[in-house]
1. Run P192 past the list (1) assigned to a helix (DSSP H, G or I); (2) within 14 Å of the ligand (Cβ to nearest atom); (3) at pLDDT 95 or above and report the number of the one that doesn't hold.
2. Only one of these conditions is not met by L128: (1) within 15 Å of the chain's Cα centre (by Cα); (2) at pLDDT 95 or above; (3) within 16 Å of the ligand (Cβ to nearest atom). Which number is it?
3. Looking only at residues that are part of a loop (DSSP other than H, G, I, E, B) and among the acidic types (D, E) in segment 41-84, which one is least open to solvent (accessible area, probe 1.4 Å)?
4. Against the condition open to solvent by 20 Å² or more (accessible area, probe 1.4 Å), within 14 Å of the ligand (Cβ to nearest atom) and not in a loop (DSSP other than H, G, I, E, B), how does L258 come out, does it pass?
5. Could you identify the single residue in M231, M235 that is under 23 Å from A49 (Cα atoms), touching a residue at least 40 places away in the same chain (Cβ under 8 Å) and surrounded by 22 or more Cβ atoms within 10 Å (Cβ to Cβ)?
6. Counting only residues that are open to solvent by 40 Å² or more (accessible area, probe 1.4 Å), within 22 Å of the chain's Cα centre (by Cα) and in contact (Cβ under 8 Å) with a residue 24 or more places away in the chain, how many does segment 270-291 have?
Amino acid sequence: MKTFNALLASAAMAVTGFAGTAQAEEFRLGLITPPPHVWTLAAEEFGTALSEASGGEHTVTVFPARQLGNEADMLQQLQSGALDMAFMTVAEISNRATDFGAFYQPFLADDMAHAAAILRSDEARAMLDQLPGSLGVVGVGYGSAGMRHILTNGGVTDAAGLAGQKIRITPFEANLDFYNAIGAAPTPMPLPAVFDALANGQVDGIDMDSELIVLLRYHEHADTMLRTNHMMFPMVGLVSARVWAGLSEEDRTMISDLMGAAVDGVLTTYVERDAGWQEEIRDFDVTYIEADRDFFGDAVAEWEGIWEERAGEALETLRGVADATRE
Ligand code: BEZ
């Protein structure tokens with residue numbers, strides 16, 4: 001029996017090698033966001049576009065809200081070919097392909113428009129080339145879920161106020177390192193578990209983006225919004241490398257173009273809507289504090305020290321891109 005790695009390698013070879021013949025496919029696409037979320041809507045639009053472009057040959061059934069498991073589960077399913085496609089946080093990818101942790105350099109991007117420019121760069125795109133070989137998935141392009149902020153309780157006004165606070169984070173190493181550097185008690189938790197944890201006091205606060213604060217009304221269980229923009233939060237459109245290997249060249253191009261356009265459209269949506277969501281949050285019954293790199297004292301430098309060791313080259317590359325795309 002072939003080992004998993006050998007199977008992955010042959011699937012990866014097929015990514016750039018032989019293409020299958022065209023045949024009708026009923027694809028399944030998984031993601032963890034709830035039905036009205038920007039990612040879920042984009043996934044459905046992609047499905048419609050693929051069906052139209054293929055003259056009804058191909059369909060995409062979208063499974064939102066962790067119906068197929070958390071992102072780690074879905075990544076395994078993509079690797080085995082049990083799942084065809086996913087829109088997934090780069091956070092999950094960065095737990096296995098360390099270079100991707102470089103996107104989470106605190107304050108790499110100034111705001112969502114800057115984050116979008118970084119994610120659209122050739123350098124960011126080139127990072128996707130390693131995915132078939134290392135993870136058994138094909139990355140067709142980046143989306144995002146806005147910038148990260150901290151919504152919390154306890155009347156926090158400075159970083160010292162976050163010390164010891166249980167802050168929910170998305171489960172990935174780069175984020176864990178940041179909150180450890182702050183001196184908080186980071187509590188990794190997948191998105192669907194966040195609302196209850198905040199509402200029942202299991203955590204003091206949450207690391208979150210503005211869309212979801214508005215959409216899921218997390219603010220009703222918090223007293224302070226720290227508008228930090230402290231990290232970007234990329235997403236990637238993925239196809240199983242095994243599934244890809246069986247697709248015709250024509251289908252690969254169609255899927256890559258249409259899914260690429262769908263995730264890129266997500267970037268545009270966040271650029272256009274982020275300020276509006278922030279305005280809504282300002283009007284909520286929370287203290288609204290605008291914080292920057294200085295707010296976090298030495299924590300950013302501490303994070304950078306850790307990640308220089310792990311992904312120094314990728315950090316440097318993305319810093320260069322950030323400088324070149326800063327307006
Ligand atoms: C989160 O873990 O906070 C998250 C995941 C996916 C989309 C948006 C947010």
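1. Only one criterion is unmet by P192, namely (3).
2. The single condition L128 does not satisfy is (3).
3. Selected residue: D84.
4. So L258 does not fit the description; no.
5. After ruling out the rest, the residue left standing is M235.
6. 2
The values are calculated or read from the model by the stated rules, or taken from the named source; none is laboratory data. Note that the structure is a prediction, hence the values are computed from the model and not measured. Don't worry about glycine lacking a Cβ; one is built from the backbone with ideal geometry, like all the others, and counts go over all protein chains shown. Only protein heavy atoms, including side chains, enter the accessible area calculation; ligands, DNA and RNA are left aside. Shrake-Rupley method; radii C 1.70, N 1.55, O 1.52, S 1.80 Å.
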